[in-house]
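Written below as structure tokens is the structure these notes are about.
Every number here is computed from the coordinates shown, using simple stated rules; none is lab data. Just so you know, these numbers come straight off a predicted model, no measurement behind them. We place every Cβ from the backbone using ideal geometry, glycine too, and count neighbours over all the protein chains shown.
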Amino acid sequence: MPLTRRHFLAASTALAALPRMAMAKGQTRITAAPAQAQLAPPGYAATEVWAYNGTVPGQMLRFVQGDTLDVQLVNGLAEQDTTIHWHGLRLPNAMDGVPDLTQAPVAPGGSFDYRFSLNDAGTFWYHPHANSVEQISRGLAGVLVVEESEAPDVDDDRVLVLDDWRMADDAVIHPSFGAWHDMSHAGRLGNYITVNATPEHRQTVRPGARLRLRLVNTATARIFDLRFRGLDAWAVAHDAMPLEVPQRVEQLTLAPAQRTDLIVDITAEAGDEAMLASVEREGTFALASFPVSGAALAARPEPSALPPNKMPSLNMESARRVPLVMEGGAMRGLPEGATYEGQRMDMRALAEEGQFWAFNGQVGMDDAPLLEAFEGETIRIPITNNTAFPHAMHLHGMHFREVLGEGFGPWRDTILVNPNHTREVVFNAHNPGDWMFHCHMPSHQMSGMMNWIRVS
């Protein structure tokens, strides 16, 4: 049986909730190692994956705001170094999980202890920052939920991990991790979409039920264009940071690494289905279905805002402007060449090194940071995309806001910049250390689209 999206669409599975890790005191061990997962529908063999503690997605870590995370990473991979990057968390620089920038890589058989306070509530995730395109594509990703001290009034709280996999017909993950076409084009797009590592999330609900849906895009390149049916949806947080006012949404774009928390009210009647769907080139397909049955629940008022996390102030009057220009890739290239490992190279020489992209004429990370800021300084970065492809830009260790005229967009840690567009972000450099700033399509990151900033 050829493995196609039609099999994905026709498949139906029982509800598979993410396994939760108890909020226990003391250290938790997370082992990155080979495992098996039944990703494909019944009739296919289990897929060989790499997993945290044997599950894909990795076991979900749940804490309460103010707790201390204490995790020991054990590298059970046979031939590759690894780390854990705690995506979206404002943490000490030494805990950020970037090999050779914030820590030494963890060799096979080795371990590393991560310990820091969880000061922000929200939906986060964790993944390697070593050979990211292969390690994430093989399954190394998990969710970290930090609960508010005052939880919203909902009937259920669900994490939905959206991912895609590049699978061969025998349900084996295709080993084309370093394909130059992916690196120079849209990234490693998969041919098989899952929700919580199943073909479709199905959950029976009552009419009028109110759910909190924590959406997490762990795909390495796919941008999800989401639609809703049979439910009213409000965005209450992006990238873990609560919105000041919940925003009613009828569609939602979720780029790689982004998260959005939704509060949804089921408006479909008993006997019908509510649905979260994804718009793809082939059509619009269900990712999560909610069959409706039972007696209707009483209507609630529109949801209130979540308790805010404490964010730094932005001083726009004294803000320093540091432009970032993205260039390269297929169809546009680097006609003037770029600097790589201290040498100026033309496009052909860069391609031979597997490098296709540049920030401000610099390919990959150099000894000099993209910018140096003093602690507490406000920095404005207009990000101009002169390439033919979209890029999801992620800043480690801090959140930013988009500058929109005289106002701001929501706090985020990852922003999608489309071709031929400029989006200006502003942040307070409140967290000392060396922090990566890169495209979160790992194929692009590893072929030139990464740099770093220093806060001192």
So if each residue of separation counts as 0.36 nm, and I subtract the Cα-Cα distance between MET331 and MET316, what length gain in nm does that give? 1.7 nm
Counting only residues 5 or more apart in sequence or on a different chain, those whose built amide H sits under 5 Å from that of ALA388 are ARG332
Using 7 Å Cα-to-Cβ label points, what is the ALA45/THR204 separation (nm, one decimal)? 3.6
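Around LEU314, what is the net charge, scoring Lys/Arg as +1 and Asp/Glu as -1 over all other residues with Cβ under 15 Å from its Cβ? Walk me through the numbers before you get to the answer.
On the way: positive: LYS310, ARG320, ARG321, ARG380, ARG401, ARG412; negative: GLU244, GLU317, GLU375, GLU377, GLU402, GLU406, GLU424.
Charge balance in the 15 Å sphere: -1.
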Which FRET efficiency, nearest 0.05, do SER176 and LEU297 yield, Cβ-Cβ r, R0 45 Å? 0.40
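Just subtract the alpha-carbon distance of GLN38 and ARG344 from 0.36 nm times their residue separation and send over the number in nm, one decimal.
Working: separation 306, 0.36 × 306 = 110.16 nm, distance 4.73 nm.
Between GLN38 and ARG344, full extension yields an extra 105.4 nm.
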Histogram of C-alpha separations across the range 109-161, 10 Å bin width, %: 17, 40, 30, 12, 1
Kirkwood Rh over alpha-carbon pairs of the range 157-291, then Stokes-Einstein at 20 °C and 1.002 mPa s: what D in µm² s⁻¹, rounded to an integer? 136
So for each of 76-86, 389-399 I average, over its residues, the number of other beta carbons within 10 Å; can you give me the resulting order with the highest mean first? 389-399, 76-86
If you take the beta carbon distance between ASP169 and ALA107 as r and set R0 to 30 Å, what does 1/(1 + (r/R0)^6) give as a FRET efficiency, to the nearest 0.05? 0.30
What Kirkwood Rh does the chain have if only Cα atoms enter the pairwise 1/r average? Answer in Å. 22.6
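Sort largest first and round to whole Å: the equivalent ellipsoid semi-axes of the range 121-223, each the square root of five times a Cα gyration tensor eigenvalue.
Numbers: eigenvalues 190, 56, 21 Å².
Output for the range 121-223: semi-axes of 31, 17, 10 Å.
Counting each DSSP H run of 4 or more residues in the chain as -39500 (n - 2.57), what helix-only mean residue ellipticity at 222 nm follows after dividing by all residues, to the nearest 500 deg cm²/dmol? Walk me through the numbers on the way to the answer.
On the way: 5 runs with 27 residues, N = 456.
Result for the chain, helices only: -1000 deg cm²/dmol.
Using per-residue counts of other Cβ atoms within 10 Å, averaged over each peptide, order 319-325, 27-33 from highest down. Mind showing how you got there, number by number?
Numbers: 319-325: 14.4, 27-33: 17.1.
Listed from highest to lowest mean packing, they are 27-33, 319-325.
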Label-to-label distance, nm, for residues given as ASP155 and ALA305 (7 Å Cα→Cβ offset): 2.8
In 5 Å bins starting at 0, how do the alpha-carbon pair distances of the range 341-456 split up by percent? 2, 11, 21, 23, 20, 13, 6, 3, 1, 0
Based on the alpha-carbon set only, what is the convex hull volume of the range 5-148 divided per residue, in Å³? 119
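What is the packing order of peptides 164-170, 372-378, 441-447, taking the mean over residues of other C-beta atoms within 10 Å and listing the highest first? All intermediate terms of the calculation are to be shown ahead of the outcome.
On the way: 164-170: 17.6, 372-378: 15.3, 441-447: 27.9.
By packing density, highest mean first, the sequence is 441-447, 164-170, 372-378.
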